[in-house]
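The values are calculated or read from the model by the stated rules, or taken from the named source; none is laboratory data. Because the structure is a prediction, the values reported are computed rather than measured. Glycine also receives a Cβ, built like all others from the backbone with ideal geometry; neighbour counts cover every protein chain displayed. Just so you know, the surface numbers come from the protein's heavy atoms only, side chains and all, with ligands and any DNA or RNA stripped out. Shrake-Rupley method; radii C 1.70, N 1.55, O 1.52, S 1.80 Å.
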Amino acid sequence: MSDENKSSSVPSAGEPVATRSAAPMWIIVTTLVLLFIGGIYFDRHSGWFNPKVYAPYTSAENLEGFQPQSGAAAALARGKKTYEAVCGICHGPDGLGKPGQAPPLAGSEWVVAKGFNRLAHIPLMGLAGNIKVAGKDWSMNMAAMGAALPDDDLAAVLTYIRSAWGNQASAVEGDDIKKIRSGMGGGSQPMTHDMLMAMPE
Amino acid sequence: MKTGLSIFIAAFIALGTSWCGFVLAPLLQLGSAQQTVILQTTDNWPLQRTGAATLGLQVYRAYGCAACHTEQVRQTGSAFEVTLTSLGNQKPADFIEFTKSLFVLPGLANYTNAIAASLNGWNGGLPKTLLTATDKDVATEMADRLKAVGVKSETAIIATGPDIARGWGSRLSVAADFLYDQPVQLGSLRAGPDLANIGVRAPDANWQLAHLYAPKSVTPNSTMPSFKFLFEVRKVGASPSPEALNLPKEFAAADGFEIVPKPAAKQLVAYLLSLKANVPLYEAPFTPATAAK
């Protein structure tokens with residue numbers, strides 16, 4: 001050690017020199033413990049920087065648990081979601097349809113009819129051939145887009161299209177769809193205008 | 001200066017981390033905030049303010065209203081509430097008898113007294129709140145049990161906290177509420193009440209104008225300063241102005257004079273009336289009172 005000092009190239013011997021020493025162990029340990037406690041606290045209370053999570057909710061799951069799940073409004077929200085995923089591609093999120101692709105549902109007499117028996121048969125069985133919608137003639141094909149949906153979801157979709165975009169018609173319950181489904185018989189032929197008109201509204 | 005570089009690096013890291021924490025992280029978190037949808041509806045929230053109300057925000061800012069008023073409702077918790085809406089074909093007395101069979105269930109045992117007390121002397125009037133201040137599991141269990149015997153109920157979510165108890169809002173304030181506020185007037189001191197929901201609490205523009213002109217004229221003992229300079233006292237013309245304030249005698253102008261709001265006062269009131277905190281959002285869920293049928 002002393003040899004090293006002698007061979008130092010610093011000429012002025014009297015100048016004070018900054019030395020180093022290791023930080024005391026207890027500071028390091030305390031810091032790590034504090035960081036650990038902070039981490040646990042953060043974990044439990046922060047919601048992981050999710051911009052949707054505010055106190056008093058502690059996490060995204062906690063907040064999800066407080067979302068209203070029952071009632072007519074919830075069915076509408078569910079119907080909207082399902083509609084946009086399944087039917088919206090053709091009929092449009094605004095229900096206006098697209099020329100050459102699908103007729104409108106907004107203002108369609110098939111959708112806002114008093115009863116929903118005919119309406120429910122369209123997504124359950126599909127629709128083919130000539131049909132008049134809001135004064136315009138269509139002659140295309142729609143597959144049975146709703147046949148695979150659970151009763152409750154299809155009911156929610158129909159409730160939604162019957163009350164969105166200015167449409168005003170009664171709600172549809174899951175049990176109604178169940179009844180219609182069980183009364184449908186086996187055939188897989190798509191509906192036509194005449195078949196629809198032959199059944200009760 | 002052998003340590004110059006280390007000091008620079010240390011200072012850079014210190015300032016850099018706080019910049020990341022105070023500027024970058026909030027930007028990443030909320031910088032892309034957009035209009036959201038009111039829970040269980042297809043309506044947007046918040047709506048862009050009208051022109052007058054947008055200018056009113058600047059008046060609010062200029063006269064330092066935020067020094068005494070906050071615009072942030074706080075919430076300390078959420079509770080579930082189960083309300084009876086239809087007894088099906090049961091008689092009220094049978095139903096009360098039936099609720100006794102619920103008390104042995106582990107989840108509901110703690111609510112025995114509360115339910116019994118709420119049904120004490122009940123004559124069958126509906127809707128009837130059965131359970132308050134409970135949690136989700138208990139509320140769901142209760143609703144399921146009721147459904148099983150053909151009794152209909154609604155489950156509501158109620159935001160709780162001192163601010164909400166004072167009627168200052170229906171739920172906590174969240175970032176989305178301030179989307180169109182530039183700058184946001186959160187405030188930090190409550191010499192006066194919180195104003196986040198004032199547009200619902202005091203929706204009368206004439207009340208607001210009279211309050212600004214002379215707070216004591218509508219709230220005796222008010223310590224809020226009066227903002228008289230936002231009004232003009234002038235001679236009554238050929239016919240009295242329809243905008244003239246209608247004040248109690250001791251605050252009113254002298255005979256032959258009338259007090260009319262200047263544009264800034266009208267803008268400020270338009271802004272105040274646009275302040276609402278009464279719609280449920282995904283991040284601040286609750287059941288609005290009107291939805292409980």
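Overview of values
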read-out	value
Pairs, first under 16 Å from B:Pro46 (Cα atoms) and facing chain A (nearest Cβ under 8 Å) in the stretch B:22-35, second open to solvent by less than 100 Å² (accessible area, probe 1.4 Å) and assigned to a loop (DSSP other than H, G, I, E, B), C-beta under 9 Å, six or more apart	B:Leu30/A:Pro51; B:Ala33/A:Pro51; B:Ala33/B:Leu179
Failed condition for A:Pro68, given (1) crowded, with 19+ Cβ neighbours inside 10 Å; (2) of a type outside the set (Lys, Arg); (3) touching a residue at least 12 places away in the same chain (Cβ under 8 Å)	(3)
Residues of the stretch A:125-166 that turn out to be more than 15 Å from A:Leu76 (Cβ to Cβ), under 23 Å from the mean Cα position of the chain (by Cα) and not in a loop (DSSP other than H, G, I, E, B), as a count	1
Matching residues in the stretch B:47-79 - criterion: being open to solvent by less than 50 Å² (accessible area, probe 1.4 Å) and either in contact with an Asp or Glu (Cβ under 6 Å, 6 or more places away or on another chain) or of a type in the set (Ser, Thr, Tyr) (or both)	B:Tyr60, B:Thr70, B:Val73, B:Ser78
Cβ pairs under 7 Å, 6+ apart, first in the stretch B:152-172 and more than 12 Å from chain A (Cβ to nearest Cβ), second assigned to a strand (DSSP E or B) and crowded, with 21+ Cβ neighbours inside 10 Å	B:Ser170/B:Ala159
Residue in the stretch B:221-232 that is part of a strand (DSSP E or B), in the same structural domain as B:Val59 (by TED's automatic domain parsing) and surrounded by fewer than 19 Cβ atoms within 10 Å (Cβ to Cβ) present	yes
Subset of the stretch B:115-151 [without any contact (Cβ under 8 Å) to a residue 60 or more places away in the chain and part of a loop (DSSP other than H, G, I, E, B)]	B:Asn120, B:Gly121, B:Trp122, B:Asn123, B:Gly124, B:Gly125, B:Leu126, B:Asp135
Residue tally, condition of a type in the set (A, V, I, L, M, F, W, C), surrounded by 13 or more Cβ atoms within 10 Å (Cβ to Cβ) and part of a helix (DSSP H, G or I), over the stretch A:167-201	4
All positions within the stretch A:99-120 that are open to solvent by 20 Å² or more (accessible area, probe 1.4 Å) and outside any loop (DSSP other than H, G, I, E, B)	A:Asn117, A:Arg118
Selected residue (only one of B:Leu209, B:Leu186, B:Leu179, B:Leu172 is open to solvent by 40 Å² or more (accessible area, probe 1.4 Å) and more than 20 Å from B:Ala67 (Cβ to Cβ))	B:Leu179
Output for the stretch B:252-290, where each listed residue is outside any loop (DSSP other than H, G, I, E, B) and touching a strand residue (DSSP E or B) at 6+ places or on another chain (Cβ under 8 Å)	B:Phe257, B:Glu258, B:Ile259, B:Val260, B:Pro261, B:Ala265, B:Val269, B:Leu281, B:Ala284
Pick from the stretch A:29-54, criterion open to solvent by less than 70 Å² (accessible area, probe 1.4 Å) and farther than 28 Å from B:Leu28 by Cα, ranking: farthest from the other protein chains (Cβ to nearest Cβ)	A:Thr30
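Per-residue answers, yes or no, for (1) at pLDDT 95 or above; (2) within 14 Å of chain A (Cβ to nearest Cβ):
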{"site": "B:Val174", "(1), (2)": "no, yes"}
{"site": "B:Phe178", "(1), (2)": "no, yes"}
{"site": "B:Arg201", "(1), (2)": "no, no"}
{"site": "B:Val218", "(1), (2)": "no, no"}
{"site": "B:Pro242", "(1), (2)": "no, no"}
{"site": "B:Ala265", "(1), (2)": "yes, no"}
{"site": "B:Pro288", "(1), (2)": "no, yes"}
{"site": "B:Ala292", "(1), (2)": "no, yes"}
